[in-house]
Each structure stands twice: as C-alpha cells, then as structure tokens.
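The values are calculated or read from the model by the stated rules, or taken from the named source; none is laboratory data. Just so it is clear, the structure is predicted and the values come from calculations on it, not from any experiment. Neighbour counts run over all protein chains shown; Cβ positions are idealised from the backbone, glycine included. Areas reflect the complete protein model, heavy atoms only, side chains present, ligands, DNA and RNA absent. Shrake-Rupley method; radii C 1.70, N 1.55, O 1.52, S 1.80 Å.
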Amino acid sequence: MTNITPPMQCAERLSDLYGGVMPIRIGGTTQDRATYDPDFEGYVSYVNEDPLVPPMELTYGPKFWDLIPEYGGETILGFNRGDNNRSNTFAAVVEAKKRALGNLAAIELGNEPDVYNMWNKSIVVPPWNASQEGASAADWAQEFLNIWEQPLPILAAGSYAATIPSMPDWPNIPYLIETAFNDSVKAGVKMYSGHLYAGPPNETDLAGEMGHVKTLADLSVFTESIALSHGDGRPFILGETNFHPYDVQMDQTFGAALATLDRSMRAVTMGIQRLFFHQALFNWWSDNQINAPFYGGYMAVQTLAGGTSIVELDGGDSFYAVYVVYNGHRASKVLLLNTEYYAAGVRPRMSFTLSGLRTSSVTAVRLTAESSETVTTKDQTKRRSGPTLGGEYTFTARSIVISVGSIMG
C-alpha cells in the first residue's frame with residue numbers, strides 16, 4: 001500500500017465493478033508466524049533472503065492496523081494461533097479492534113491449522129487429528145469471544161488447507177459444525193471458510209488443469225461444507241484460493257486466467273459467497289505489471305456485477321461452460337466459456353446456440369489470447385502479444401476499455 005502501485009490500481013478496477021471498495025483478507029501462512037510488538041513503530045519487519053519465499057518469522061506493530069481504515073474496504077483479519085501464544089495474539093486483537101473495527105468483516109484465529117503438524121507449530125500434539133484441532137479451535141474461539149464481547153458474530157472459522165480428508169479423522173469444517181463447536185461458539189461465527197488450490201490428483205500439465213471438468217471436480221469437495229454452513233445460518237467462503245500452488249509458470253498463463261474465471265463462476269453458482277484469491281507466488285499482479293490471471297478475475301466480476309442470481313446450463317462433462325446471470329427474473333448476461341487447451345495449429349472451435357432470447361440486439365465482450373500458454377510481459381506494446389478483454393489489453397485510470405458495439409468473433 002505504501003510503495004507499490006499496481007496492486008492498488010487493480011483493486012480499484014475491481015472496486016468499480018463491485019460498487020464499493022473491494023473486500024480483502026489479510027492472512028495466510030505468515031499470520032501464524034507473526035509476533036505482535038506494541039512498541040514497534042513500523043508496519044512489519046522481517047529478514048528474508050529470497051523475496052519469493054514467505055518469511056518464517058516476522059514482527060508487526062500497531063501501525064499495521066492503520067492501513068485497514070486507510071484502504072477502506074471490508075477486511076477479514078487473521079491472527080497467530082499456531083505459535084500458541086494467547087497473550088500476544090489477544091493483545092494484538094484488542095489493539096486491532098481499537099484501530100480498525102469499522103472495517104473488520106471477520107477475524108480468523110490461525111490459518112490452515114490442519115497442516116500445523118507439517119510446520120511443527122507449537123500448538124500441535126501429534127497426531128493432530130480432528131478431535132484435537134477441533135477442541136483447540138473451540139477453546140481459542142471461546143476465549144477470543146470473551147475478550148472481544150461485541151459486535152458479534154465476527155469469527156471466520158475453519159480455513160483448512162486440505163479440501164478432502166487425506167487421513168482418517170482429518171480436521172475439517174463439518175467436524176467443527178457438527179461436533180467441536182457448542183452453541184456459544186457457533187453464535188460467534190460469522191462465516192465458515194475453506195481453502196482451494198489444485199485438488200488431487202494434481203495435474204502437472206496446463207491442458208489437464210485448466211479444463212472445466214477439473215474445475216468442477218475441485219470445487220465439488222465443498223458440497224457438504226456449504227450445505228452444513230447454510231444449515232447453520234452462515235455463509236461459506238473460499239478464504240484462500242488460486243489456480244495451481246506448485247507451478248508458477250503454469251499459474252501465470254492465459255489458461256490460468258480461464259481457470260480463474262471458471263472457478264469464480266462455478267463457486268458462486270454452488271452458493272459460495274466470496275472467493276479471496278491468494279496474492280503470493282501465484283499472482284494476479286506483480287510490482288509493476290498486470291499478470292494474465294487478473295483478466296480472468298476481472299471478467300468474472302464484470303459478468304457477475306449487477307446480477308441477483310446465476311444458473312449453470314452446461315452438463316459439466318466437457319471443456320465448455322455456460323453460465324447465465326439474472327437480474328431479477330430477467331437473464332441479463334451469458335458467459336460462454338471454452339476451457340479447451342490450445343497452443344498451436346488449428347484452434348478448436350465450438351458453437352453455442354442460445355434460444356429464447358427476448359431482445360432485438362445483443363452485445364458481446366471477448367476474452368481471448370493467442371494460446372493457452374500466453375503470458376503478459378512488462379514490455380508488452382501490442383494487443384496480440386498478450387490477453388485482451390473487449391479487444392483491449394490496457395486498463396485506463398478508472399476502468400478497462402470495453403468494445404461492445406457489435407458481436408466479436
């Protein structure tokens with residue numbers, strides 16, 4: 001926020017379509033490595049030789065929370081549970097409440113606690129199964145609620161890394177809802193949160209990973225969690241997601257942009273309220289450029305903006321997806337999505353036929369690139385050298401330039 005421009009510009013573009021300041025989440029793996037120092041006068045401090053690797057330890061001070069009201073959007077804020085230092089964590093919580101309450105949408109206690117054992121976190125007593133993690137999460141939540149008092153509900157609960165049980169009695173959201181959380185803790189929960197990257201089996205090639213069928217399979221593991229969350233009167237969100245966690249080269253491609261678009265649309269169709277895309281090694285933007293996946297995210301927001309409901313029309317068994325966004329009882333937008341891999345040779349074609357349209361004219365905006373492997377570059381000067389949206393590849397001061405005068409091929 002203080003010295004890198006593109007992320008804030010990109011957030012503004014999404015905020016334009018959102019109709020308010022874009023919600024954000026401040027959390028991730030480093031929140032369970034962070035120590036609060038009330039006497040530290042800077043924002044955050046850490047030593048790290050490799051800028052592409054998250055620091056194993058960091059320190060932050062009260063000034064850090066001042067950035068939240070300065071940003072001005074709803075913020076999910078994470079705190080350290082893994083290091084098991086309750087006095088330090090709850091001191092940070094109290095100060096954050098003083099400085100940023102007006103913008104705090106939810107509080108997370110810990111991040112991906114199901115893999116605490118892998119990180120050798122202080123809180124872990126092996127084997128760290130569902131009953132152990134569930135009891136710990138409930139106990140921390142109750143102590144937090146006693147200190148926080150009001151306003152409630154405020155907790156974002158869960159935030160587990162694994163999308164399916166990887167071992168018997170694996171920590172998971174259904175266990176929290178059905179077993180670990182009593183009525184007092186549940187009353188303090190505002191939302192339940194899951195994390196999703198490339199679900200197993202992890203594809204190693206872009207052609208397999210970007211396909212519509214794979215996207216549906218990855219998201220399907222949340223069906224039970226969504227149903228139980230809604231049954232408990234709480235929304236379900238993806239507090240952390242992105243395309244592929246193991247292959248940075250794959251994640252920066254136009255194929256990743258299409259997967260981002262498909263995942264966003266499908267998630268909302270399933271009843272997932274929000275998706276927070278992780279800005280780390282797998283980025284929508286870097287310090288001085290927009291990366292290809294941002295185009296997919298922007299197209300998703302543009303498609304959903306102004307809608308009140310959404311329906312998926314495709315059968316889920318091919319590379320092709322069809323999403324219809326309604327405004328009231330009227331279909332206002334249709335997204336036709338081709339996720340078939342293409343790199344060279346003859347580009348595959350697919351004809352979509354829409355019937356029952358009660359309008360005399362239709363406008364279209366096309367998101368495309370030369371191939372699924374296309375990436376953006378810092379010296380990009382031609383439209384054909386990277387992804388284009390509505391025929392344009394640049395973003396203006398306040399919005400993207402969209403060509404909507406006629407149907408685009």
Can you grab the distance from the C-alpha centre of segment 339-370 to the C-alpha centre of segment 102-174, Å, no decimals? 43 Å
Computed ³J(HN,Hα) along segment 66-82: with the Karplus parameters 6.51/-1.76/1.60, θ = phi - 60°, integer Hz and x for glycine or proline, the list is 5, 5, 5, x, 5, 5, x, x, 4, 10, 8, 10, x, 10, 6, 10, x
Using a 1.4 angstrom probe on heavy atoms only, work out the carbon and sulfur share of the accessible area of the chain in %. 52 percent
Quick one: grab Rg to one decimal and Dmax as a whole number for segment 1-132, Cα atoms only, in Å. 15.9, 47
Of LEU152, ASN80, PRO126, which is farthest towards the positive pole of segment 45-177's charge dipole, taken about the Cα centre with +1 and -1 on the beta-carbons of Lys, Arg and Asp, Glu respectively? LEU152
Applying a 10 Å radius around every beta-carbon, put 323-334, 79-90 in order of their mean neighbour count, most first. 79-90, 323-334
Hey, if you put +1 on the Cβ of every Lys and Arg and -1 on every Asp and Glu Cβ in the chain, which of VAL248, LEU176, ILE164 ends up farthest toward the positive end of that dipole? VAL248
Using 23 Å as the Cα-Cα cut-off, could you pick out the over-long pairs in LYS63/LYS186; LYS190/LYS333; LYS63/LYS98; LYS63/LYS121? LYS63/LYS186; LYS190/LYS333; LYS63/LYS121
To the nearest 20 Debye, how big is the dipole of segment 195-329 about its Cα centre, given +1 on the beta carbon of each Lys and Arg and -1 on that of each Asp and Glu? 400 debye
Return the ratio Rg/(2.2 N^0.38 Å) for segment 106-206, where Rg is computed over Cα atoms only. 1.13
Net charge dipole size for the chain [Lys, Arg +1 and Asp, Glu -1 on Cβ; Debye, nearest 20]: 1580 debye
Farthest toward positive dipole pole in the chain [+1 Lys/Arg, -1 Asp/Glu at C-beta], among THR215, ALA305, HIS195: ALA305
What whole-number value in Å² describes the accessible area per residue of segment 220-276 for a 1.4 Å probe? 33 Å²
Row for segment 1-78, column shape: gyration tensor on C-alpha, a ≥ b ≥ c, rounded if a/c < 1.5 i.e. under 1.5, prolate if a/b over b/c, else oblate; value prolate
